[in-house]
Each structure stands twice: as C-alpha cells, then as structure tokens.
C-alpha cells in the first residue's frame, strides 16, 4: 500500500495542532499550561486527547495494540475523518453498496466527494466483479457494512478478502453489530492487510449510544495520519469515564447480548406465524428486516399503538420492508400482539 499516494497531499504535509496535553504527558502538582479554570469541578481540566486509558482497555479486550486504535465522537466522526484524510473534495470518489448505512453517502456529500454505487445482490451480498470494474484511480475508499444495516446479514468473508487484496485503496469494514454475529471480526486480518480499516462502536452491544464513542482499528501509519486531522479533544471526559466503566464489566455486555439473541430467535418464530409478514431475512444483528404486505400501513398502525419501528421501503432492495430492533421481552410481546391485531383487521 502506497499510503502517501492515498492520503490528500495537504494532509500528508499537515503540521497538526499541538495542545497543552500533547506537550506535557504525565502527572504534575500544578497545571498552568492550558488556560483552564483552576477550581476543581471534576471537569475543569481538558480530557486526554488520545484517550490512552480507554484504548488500553480496548487493546486488552480485542488483543490489538493501542497504536492501531483511534477513537471518535461516534462512528459518524470516524467516517468523516476518513473522508477528510483520504478524499480530495471534487476530485476523488468512494464506493458504497446499497442497501447500507446512510451516513457513508451523507458524509461524502458533506465533503464534496463523489459516491459510486454498486448494489448488493438479491441475497444482499457483494457483486465483486461489478465493484472492481466500477472503481478507478480516484476511488479512495470502499465501505462495507457487516453485519449490514438495514439487511442484518453478514457479508461473505471471502468476498471481502478478495476486495482487500485486489483494491488499491482503503477497505472500510463497519462492524457496528459484530457482537451479535456468529461470524468472526475482521480484526484477525488487521496485521496482514495494511489497507484494511475496521470500525466498531460502544453504541449497540455495550448499551452506550448516548455517549457517542466510535472506534477505528487500522495500521498504525493510518492512525498517525488521522490523528493529525482529528480535533485535539474530540472525545470528552464524561464519555471516556463511561467507556472505562462499561469496558470493565464485560460480563454485563455478554449478558445483554445473550438475552437479545434469545429474544431475536423468539421474535423470528412468532413473526413467521403472522399473516401480514411475508418474509423474515436472516439476521446476524440486534434487529430483523421483515418484508410485509403493506409497510406504510403497518408502520402507521404501530405508531397508533405507540410502537415505533423503521419503514425501510424507500431503500434499495428493501421494498415493503420494516426494520425491527430487538427490544426487551415485554416490548417484543407488545409488538407481536399489535401485529397479530393488525392481521385480523
């Protein structure tokens, strides 16, 4: 991988902002270097700009060096940082494979980066030949969501590896839902492939959507470049503290995941017996994509029952489909009861 050729020239030569916490590392008795309020509120000091304690926890959990980890203000900031690092506005392009997570395209539009699209196949897998044929020397990133949102399935591992080996740019594998999947993470391939970038999050399995913590795993040279681009204090102290507390209680996360997987299985069984449900797509995530008789009408009926799901009918290959998050046992029972009631109308 020729990283210098992939990175924007101005970013490659960029001299990053140096914060007070960059210039001094360690513990001191008196801090008079950052123009902070000296009175201790618990939050009067700037946070660690590189979140080393959180990264150390993640490093041990994932068996990945801290040098290969970058943290962001949610995965959306991580996506934006990838665009700002690699894609020249108005010149470069990226590849996405609809249906997929919508922020890949939105972030591209914000950064004035052309989006190329090759739809997934009818079974929601990659069309490798079409993807490679559609790329050119200005294609910097290919985004692959696995398990995919909104289809909930995992993308074939060998297809992803083929792209990693044949594409000359960066392959971004978004694993926001990996904790719910029977498939292994692509983290096992990180050392072998320097053009592989993996995103994960604490929003789903860890139950921390509100704190906004996105994780990027990549070759340390890529991490160093993106560190030049990110804001100096992009992850606040409250987020870091909440992350540390959660990452110290892996047992709680595993308990939640197991309960969600059991509820997903129960929901799939009960949904299959409801007349208005036409197809239940296989899920490796904490949600289920369901094709129904009339998505709009069913969505509106559920809203009347104060139950909110997501109508994905406007999304490519998801016509007349609802995306249903797996809730608690009580919440899922209310949903099933409402759908049965609708079917009897």
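Roughly what percent of Cα-Cα pairs across the range 148-215 reach past 18 Å? Intermediate values should be presented prior to the final figure.
Numbers: 916 of 2278 pairs.
Summing the P(r) of the range 148-215 above 18 Å gives 40 percent of all pairs.
Can you tell me the alpha carbon radius of gyration of the range 1-123 divided by the globular rule-of-thumb value 2.2 N^0.38 Å?
Working it through for the range 1-123, the quotient is 1.41.
Considering only DSSP beta bridges with both partners in the chain, what is the antiparallel share in %, to the nearest 5?
55
What number, in percent, do you get for the relative contact order of the range 36-131 if the mean sequence gap of Cα pairs under 8 Å and at least 6 apart is divided by its residue count?
Numbers: 87 pairs, mean separation 17.4, N = 96.
Reported relative contact order: 18 percent.
Return the distance in nm (one decimal) between the two label points of a simple spin-label model at residue 237 and residue 274, each offset 7 Å from Cα along Cα→Cβ.
Once both label points are built, they end up 4.7 nm from each other.
Arranged from highest to lowest average of other beta-carbon atoms within 10 Å per residue, in what order do the peptides 20-27, 231-238 appear?
Most protected by this proxy first, the peptides run 231-238, 20-27.
For every helix of n ≥ 4 consecutive DSSP H residues, a contribution of -39,500 (n - 2.57) applies; sum these over the chain, divide by its total residues, and give [θ] at 222 nm rounded to the nearest 500 deg cm²/dmol.
-11000 deg cm²/dmol, from helical runs alone.
So for the chain, averaging the separation of alpha carbon pairs under 8 Å that are six or more residues apart and normalising by length, what relative contact order in percent results?
Answer for the chain is 17 percent.
Determine the relative contact order of the range 251-343: mean sequence separation of Cα pairs under 8 Å and six or more apart, normalised by residue count, in whole percent.
30
So if each residue of separation counts as 0.36 nm, and I subtract the Cα-Cα distance between residue 41 and residue 119, what length gain in nm does that give?
Gain in length upon complete extension: 22.9 nm.
So how far apart, in nm, are the two label points at residue 333 and residue 65 if each is 7 Å from Cα heading toward Cβ?
Going by the 7 Å Cα→Cβ label model, 5.2 nm.
Sorted by packing (mean other beta-carbon atoms within 10 Å per residue), highest first, where do 5-11, 252-258, 208-214, 29-35 land?
Per-residue mean Cβ counts within 10 Å order the peptides as 208-214, 5-11, 252-258, 29-35.
If I model a spin label at residue 2 and residue 314 as a point 7 Å from the Cα along the Cα→Cβ vector, what separation in nanometres do I get?
Using points 7 Å along Cα→Cβ, the separation is 4.2 nm.
Rounded to whole Å and ordered largest first, report the semi-axes of the equivalent ellipsoid of the range 251-343 derived from its Cα gyration tensor (root of 5λ).
Whole-Å semi-axes of the equivalent ellipsoid: 22, 15, 12.
If I fit a long axis through the Cα atoms of helix 157-166 and take the longest principal axis of the Cα atoms of the chain, what angle between them do I get, 0 to 90°, rounded to 10?
Tilt of helix 157-166: around 40 degrees.
Rounded to the nearest 0.05, what FRET efficiency is calculated for residue 191 and residue 345 with R0 set to 41 Å and r the Cβ-Cβ distance?
Using R0 = 41 Å, I get an efficiency of 0.15.
Could you please state, rounded to a whole Å, how far the C-alpha centre of the range 245-308 is from the C-alpha centre of the range 13-72?
39
Provide the packing ranking of 259-267, 242-250, i.e. peptides ordered by the mean count of other C-beta atoms within 10 Å per residue, highest first.
Peptide ranking by packing, descending: 259-267, 242-250.
Need one number for the range 3-248: average projected area of the convex hull over its C-alpha atoms, nm².
13.8
At 0.36 nm per residue, and after removing the present C-alpha to C-alpha distance, how many nm does the segment from residue 183 to residue 265 gain when stretched out fully?
Roughly 27.8 nm would be gained on extension.
Between residue 258 and residue 110, what is 0.36 nm times their sequence separation minus the Cα-Cα distance? Round to one decimal in nm.
Values: separation 148, 0.36 × 148 = 53.28 nm, distance 3.80 nm.
Extra length available between residue 258 and residue 110 comes to 49.5 nm.
Bear in mind these aren't lab numbers, they're just calculated from the coordinates by the rules spelled out. As the structure is a prediction and not an experimental result, all values here were calculated from the model. Methodologically, a virtual Cβ is constructed for each residue, glycine included, from the backbone with ideal geometry; neighbour enumeration extends over all protein chains shown.
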